[in-house]
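A quick write-up on the structure given underneath.
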Amino acid sequence: MSALSVKKAIFPVGGLGTRFLPATKSMPKEMLPVVDKPLIQYAVEEAAEAGIEEFIFVTGRGKSAIEDHFDHSMELEQTLQSRDKKEALKLVQSMMREPGSVAYIRQQEPKGLGHAVWCARHLIGDEPVAILLADDLILPKKGQKGCLAEMVEAWSKTGGNMVASMSVAPEQTASYGIITPGENAEGMAGPLTEVKGLVEKPKPEDAPSTLAVVGRYIIESGVFAELDKQDSGAGGEIQITDSLARRIGHVPFHSLNFSGTRYDCGSKIGFLEANIAFALARDDLSSDLTQWLKDLNV
Ligand code: G1P
């Protein structure tokens with residue numbers, strides 16, 4: 001394997017989704033659909049587009065619907081076949097990944113994002129790995145690649161650690177990992193910024209900036225060595241933010257201001273916005289929806 005390519009991705013999907021009760025009582029929050037596709041499928045497709053070949057889900061109890069979603073559904077496929085529903089059959093079969101390329105690891109207790117990532121350590125070894133949080137749904141700018149593909153391309157020149165980033169309102173810093181930005185990286189004018197410091201969910205008065213981490217990461221093996229220490233941070237949880245921060249000065253660390261738009265599908269308003277935005281971006285829905293929005297006249 002060449003040193004600067006990313007072939008593996010971790011999808012932490014163990015969270016309870018309490019903000020979406022009752023919908024998430026018996027259904028994983030990652031299976032909530034935006035238009036007609038579950039959040040987790042958007043994340044998997046974004047990873048595949050970026051060249052990821054191994055998909056590692058860190059799950060928890062009650063998440064088996066995710067495993068079923070990426071497996072054959074024999075009865076459905078046979079029925080579609082016998083009814084000659086070719087398009088629908090193609091759709092459900094096209095989601096299948098190469099046999100052996102999908103793995104599921106259980107996180108027995110919800111001990112934080114860093115802990116979830118650490119649970120996958122034996123499947124990663126010394127390789128770099130991408131992390132995608134399905135709650136952070138990113139609509140690519142028209143004609144542009146997805147966020148992770150943009151990151152992989154930039155990272156192939158920098159190596160080290162990389163996060164996706166965006167500016168947030170000052171009063172929102174306590175919901176994000178917040179970056180102390182350095183210079184824009186040489187030769188990368190614009191979207192790539194050196195990360196000089198990183199802190200998890202600071203109060204606005206303590207925040208070093210308003211540049212926030214969005215749920216896309218590329219990490220090197222040194223981060224796992226830090227996670228091994230199992231130190232807990234903000235909220236008493238093991239934070240990936242803290243382990244990344246401890247790698248500053250040892251390896252390059254950059255944030256990429258990606259070109260797409262991020263929707264916080266962990267919140268109701270973000271989820272509603274995502275549904276509208278993704279539908280408006282679709283040829284089969286945009287004109288009817290635009291008309292309906294105009295008629296609403298609110
Ligand atoms: C996690 C990370 C945080 C990051 C955020 C992006 O927080 O811990 O650093 O900014 O994802 O969505 P969570 O939203 O899981 O609380």
For the stretch 30-65, the count of residues that are open to solvent by less than 40 Å² (accessible area, probe 1.4 Å) and of a type in the set (D, E, K, R) equals 3
Count, please, the residues in the stretch 138-148 that happen to be at negative phi, open to solvent by 10 Å² or more (accessible area, probe 1.4 Å) and not in a strand (DSSP E or B). 5
Considering only residues of the stretch 113-129 that are more than 16 Å from residue 161 (Cα to Cα) and open to solvent by less than 10 Å² (accessible area, probe 1.4 Å), which is nearest to the ligand (Cβ to nearest atom)? 116
Among the candidates 132, 89, single out the residue that is open to solvent by less than 90 Å² (accessible area, probe 1.4 Å), over 30 Å from residue 229 (Cβ atoms) and in contact with a helix residue (DSSP H, G or I) (Cβ under 7 Å, 6 or more places away or on another chain). 89
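Yes or no, residue by residue, for (1) open to solvent by less than 50 Å² (accessible area, probe 1.4 Å); (2) away from the ligand (no atom under 15 Å from the Cβ):
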{"residue": "200", "(1), (2)": "yes, no"}
{"residue": "203", "(1), (2)": "no, no"}
{"residue": "208", "(1), (2)": "no, no"}
{"residue": "220", "(1), (2)": "yes, yes"}
{"residue": "231", "(1), (2)": "no, no"}
{"residue": "236", "(1), (2)": "no, no"}
Where residue 24 falls short, out of the listed (1) farther than 25 Å from residue 152 by Cβ; (2) assigned to a strand (DSSP E or B): (2)
Could you go through the stretch 158-172 and let me know if any residue there is within 13 Å of the ligand (Cβ to nearest atom), within 21 Å of the chain's Cα centre (by Cα) and part of a loop (DSSP other than H, G, I, E, B). yes
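The values are calculated or read from the model by the stated rules, or taken from the named source; none is laboratory data. Quantities reported herein were computed from a predicted structural model and do not represent experimental measurements. Reconstructed Cβ throughout: ideal geometry from the backbone, glycine too, with neighbour counts over all protein chains shown. Ligands, DNA and RNA are stripped out before the accessible areas are found, and what is left, the full protein with its side chains, is counted by its heavy atoms. Shrake-Rupley method; radii C 1.70, N 1.55, O 1.52, S 1.80 Å.
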